[in-house]
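Notes follow the structure.
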Amino acid sequence: MSTRSAETRVELLQGTLDVLILRILRLGPAHGHEIIKAIERSSEDVLRVEQGSLYPALHRLIKRGWIDFDHGTSENNRRAKYYRLTRKGRRQLDVETTKWETLARAITRVLRPA
Amino acid sequence: MKGRRHLDALDDDIREHLERETQDNIDRGMTPEDARAAAHRKFGNVALIKEDTRAVWIPVWFDQLLQDAHYALRTLRRSPGFSAVVVLTLALGIGLNTGIFGLIDALLLRSLPVRNPQQLIALMRIQGGQSGESFSYPQVRFLAEQNEIFLSLCGFSVDTFNVGPPEALEPTGGAWVSANYYQTLGLVPIAGRLLAPDDDRPGASLAAVITDNYWARKFGRDPSAIGRPLPVEGVPVTIVGVSPPGFSGAIVGNAADITVALNVLPQLKPERKSMLGVGGRWLKVLARPREGLSRDQLKARLAIVWAQYLSGTVTPQMSPAARARALSPTLDLRAGATGSSPLRGQFRQPLLVLMGVVGLVLIIACVNVANLLLARAAARQREVALRLALGASRGRVVRQLLTESGLLAILGGGLGIAFASFGGGVLVNLISSGSGPDASEAIALDLGTSWRVLAFTTLVTVTTTLLFGLAPAFRATVVDPNLTMNASPNRVTGSRGRLASALVAAQVSISLLLLIGAGLFVQTLQNLRTLDRGFRHEGVLLVNVDATRAGYDGTRLRAFYQQVLANAERLPGVTAASLSSITPLMGGGISLPIAVNGQPIASGELHGNLVAPRYFETLSTPIVLGRDFTLRDDATAPGVAIVNEAFVRHHMPNGSPLEQRVSVVGSPRELQVVGVVKDAVYEGLRQTPPPTVYGAYFQSGGGAVTLEIYGGGSLAQAASAIRAEVQPKLAGKLVKIQTLTSQLESSLVQERLMATLASAFGGLALMLAAVGLYGVLAYTVVRRTSEIGIRVALGAQRSQVLGLVMRDVTRMLALGTAFGLPAAWAASRLVSSMLFGLAANDPVTIVLAVALLVMTGLLAGYLPARRATKVDPLVALRCE
């Protein structure tokens, strides 16, 4: 379990989970639990994700054609679904990343004027 | 679609995820229980997550609808009695509406099954403010030549053909058509060929096109039937082709199985060849105008060529009045997509009135169902309160309750369509009962389900759902969960009394309106049946004999009929017999311009008939002055005539009628009036008897006659004896036998339809309203059990308790009557043209209807009221 206190954790913004999933899958196919762990790890446990909300997000991305999945077996020989980025998803990730950076820069400038 | 299948594995995926997380936690040193709990905590609400995931693929409303339907089905199955009553009530209401609308669709709305029917127009002839749709053959031929206006134009009419060998004649519906009939309609044969202009020439070889229906019925769709000769009116006619399935002629309601060209009429029915001349106006006209012509352009061009045609028909010898009359008709046009039908004029208004009636019955049925649902909603208050307390929104609960209503309506609608398909046949039979004794004249309407009927039923079902479901649903959700949950389970909080009472009062007023309507129609039928129209019909048999086809004419014809008549008089059971050219109510008459003492009568044409001796005796029409015709009044004797009292009143004001003479204008032969008879109607029962002149048939008659035979007992034997004697001598022409009573009933088909259906629906409405009243009161009594118990405990008498409930009944009945009477008054004015012998506000009918309604209402209210008096105060109070 995370050892950080509640004040330093941030609720995930609406819609950002989708971008995070795309970003994680950029590194290669992963199954559901791995994706969540990767998000928690790479955000240094700052982002609090209700793990279950991963599933509606995955289905949303499949429906849009940004990710797809294959059946496979995981490291300890368990059945698992491996999600992977489609070409369309890769393009979308670039779009979303640019959008996100623009937004983040703008907000930073407002909050901390130079 | 891989994604959707993905959804099916969601449960496994989530379980897999939780196991991994649990394992991770155990690896971090937690106990298995803590690890599992922590994993769940971190995952969130599994049910909610699943719902959110489903929502990605399946729209939420649809998902909820499925849930609601599922839940509704379960609820309805739990109370099968309630569900059955509701579904049956709705099926009745929806079925009646679908049935009547189906008939309206088939008769008034449906397009002919031809190419681009919306391009067709029908021509109408306007003269003296009257519009008619009938044209003469020369007019049709002239109009068909107007190529710059019409791509194609045709004239047609239906008829009955006697088909088959002489010993087994079968009357069959047929049509006479002009050369371009099939071309105008744009039909393609499914076998052989259709009629072409070459078939419509004087003396052309005889060719017939049969319908697909007839081909299937008579030949089992045998291709070798094409080219075979078919005996029609005793003459072999070659079947050249079969028209496409679904097509049965351009006249809706009269199926024409055999179609032949107009120009071969003299070969098939030589006695009627004059119908092709300028005098016979009997053809309906449909045309396909040239494209790009607006309606106004079309009318303008038609007016020009029509004027040319008319100017060609006047001759220099004509009097100025006759010339003006010949030039006066004008043309108009209407959309021709629905073809033509003589039934429309007769049944349009009755069907529209009946549509209104069944609409009202449906409203009453909906009110009953709404009341049932209200009662149930009250009983389900705790359930609803629980759902609201658990966080369901009010809208969501209303939707759930409406889904239940919708399900009931769909079940009712489905059953209703089944009812309607059965009832539609019954309706067509009712209408058909007026169309004569032959199967060939029966009315054939295609009641097959059309998209319009389906759309109508769907609309009715949806409206019904909202009508009966909305109020109870909203009412049910107006509950305070706190209050309801805390109340005792046997108590129902909130009042629904006022709404339910208002609904019942509405039912009462609608029932009153329908009862008054039914009373008016029944009374109209009764008035027409019992009216003294100057002849008797009971016990009179009519035998239609036409010897002209067999080659008889003039003196030989009259001698033949005299022999037939003499034989008929000698038959056992026959009291009196005669014959005539026209019989009362046969559906037509002879009109002649008449002169009295050489002076033509100003008012135009009068009714005429040719009759044999004893005609007035046979029909029990009294001779008030002078004598009857005798057999001595023959062709060699001085001309004689008998007139009726109306004739004397109008045209012989001075001197004894027996000293005066009448003649047909233009004929040199004067007829001495030898008798005066009482008035009798001919064309319709509603008609006032017209001034009538009778000539002696054996003096100057010709053409087909009808024997009238009167006898005390059954005349079936006499009928078959006459047929056995006469038929062999008349090859190719069937002897038709029917009673005068059935001829009279045929003329009352519209009135009978209205009386039968209006009283059936009125009775149904009354029954539904009584059930509604009973239901509401029974429920009120149950609800007020404890109140009544207290009253009884405090010393209230039985009569006082009875009065308590009956006061409710009286109030609802009074309210319903107060609204129903003005509504009935307004509605009955719409049908006043259909009534006879009474006014739309006939006081007797209204009083009877109110009395029937009040009595039924009091009876329906008395049962629950009596139950209220039986309330045991101890039991009632213990319930608290």
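Just so it is clear, none of the values below were taken in a lab; they were calculated from the coordinates. None of the values given here were measured: they were computed from a predicted structure. Methodologically, a virtual Cβ is constructed for each residue, glycine included, from the backbone with ideal geometry; neighbour enumeration extends over all protein chains shown.
The modelled label-to-label distance between B:Glu167 and B:Ala307, using points 7 Å beyond Cα along the C-beta direction, is 6.4 nm. Against the main long axis of the alpha-carbon atoms of chain B, helix B:451-477 sits at an angle near 40°. Is the shape of segment B:598-678 rounded, prolate or oblate, going by the alpha carbon gyration tensor and its root eigenvalues a ≥ b ≥ c, with a/c under 1.5 for rounded and a/b larger than b/c for prolate? Verdict is oblate for segment B:598-678. Taking the helices alone, chain B has a mean residue ellipticity at 222 nm of -17000 deg cm²/dmol, built from -39,500 (n - 2.57) per DSSP H run of at least 4 residues and averaged over all its residues.
Scattering from the protein assembly as shown was approximated by placing one identical point on each alpha carbon and applying the Debye formula without solvent; log10 I(q)/I(0) at 0.05, 0.06, 0.10 1/Å stands at -0.55, -0.71, -1.23. Amide H to amide H, with H built 1.01 Å from N, B:Leu625 comes under 5 Å of B:Val676, counting only residues 5 or more places away or on other chains. What percentages make up the Cα-Cα pair-distance distribution of chain B when the bins are 10 Å wide from 0? Per 10 Å bin, starting at zero, the Cα-Cα P(r) for chain B comes out as 2, 9, 14, 17, 16, 13, 10, 8, 5, 3, 1, 1, 0, 0 percent. If a/c stays under 1.5 just call it rounded; otherwise compare a/b with b/c (prolate if a/b is bigger, oblate if not). Do that for segment B:767-880, with a ≥ b ≥ c from the square roots of the Cα gyration tensor eigenvalues. It is prolate, given that a/c is not under 1.5 and a/b is the larger ratio. DSSP beta bridges fully contained in chain B are about 80 percent antiparallel.
Per-residue mean of foreign Cβ neighbours for B:16-22 is 5 (Cβ atoms of other chains, 10 Å radius). The H on the amide N of B:Val237, modeled in the peptide plane, is under 5 Å from the matching H of B:Leu230, B:Val232, each at least 5 residues off or on a different chain. Determine the percent antiparallel among the DSSP beta bridges restricted to segment B:547-732, to the nearest 5. Expressed as a percentage, antiparallel bridges in segment B:547-732 total about 70.
Measuring between alpha carbons in the structure, the pairs from B:Lys269/B:Lys299; B:Lys678/B:Lys733; B:Lys273/B:Lys736; B:Lys284/B:Lys729; B:Lys678/B:Lys736 lying more than 30 angstrom apart are B:Lys269/B:Lys299; B:Lys678/B:Lys733; B:Lys284/B:Lys729.
With a Förster radius of 60 Å applied to the beta-carbon distance between B:Leu625 and B:Tyr862, the computed FRET efficiency rounds to 0.45. If you take all C-alpha pairs in segment B:797-854, what percent of them are over 17 Å apart? When every Cα pair of segment B:797-854 is considered, 52 percent fall beyond 17 Å. With respect to chain B, whose longest principal axis is taken over its alpha-carbon atoms, helix B:295-311 is tilted by about 10°. The length gained on full extension between B:Asp24 and B:Arg807, counted as 0.36 nm times the residue separation minus their Cα-Cα distance, comes to 274.2 nm. The DSSP beta bridges internal to the protein assembly as shown are antiparallel in roughly 80% of cases. Note that segment A:34-114 carries a Kirkwood radius of 15.1 Å, evaluated over its alpha carbons pair by pair. Stokes-Einstein, applied to the Kirkwood radius of segment B:547-732 over Cα pairs at a viscosity of 1.306 mPa s and 10 °C, places its translational diffusion at 92 µm² s⁻¹.
The modelled label-to-label distance between B:Gln64 and B:Phe422, using points 7 Å beyond Cα along the C-beta direction, is 3.9 nm. For segment B:2-58, the residue among B:Ala9, B:Ala39, B:Thr22 whose Cα projects farthest onto the positive side of the dipole built from Cβ charges is B:Ala9.
Distance between the 7 Å Cα→Cβ label points at B:Ala635 and B:Val235: 2.6 nm. Using only side-chain charges placed at the Cβ, +1 for Lys and Arg and -1 for Asp and Glu, the dipole size of the protein assembly as shown relative to its Cα centre rounds to 2660 debye.
Please give the FRET efficiency for B:Leu794 paired with B:Ala389, using the beta carbon to beta carbon distance and R0 = 45 Å, rounded to the nearest 0.05. Once the sixth-power term is evaluated, E becomes 0.75. Once the Cβ-Cβ distance of B:Ser294 and B:Ser205 is raised to the sixth power relative to R0 = 56 Å, the FRET efficiency obtained is 0.85. For segment B:102-140, there are no residues whose amide N sits under 12 Å from a probe point set 7 Å from the Cα of B:Arg686 along the beta carbon direction.
Across all directions, the shadow cast by the convex hull of segment B:2-58 built on its C-alpha atoms averages 4.0 square nanometres. Given +1 at the Cβ of Lys and Arg, -1 at the Cβ of Asp and Glu and no other charges, the dipole of segment B:547-732 around its Cα centre is 300 debye to the nearest 20.
Think of segment A:10-111 as a dipole: +1 on every Lys or Arg Cβ, -1 on every Asp or Glu Cβ, centred on the Cα centre; then among A:Leu85, A:Gly32, A:Gly15, A:Leu85 lies furthest on the positive end.
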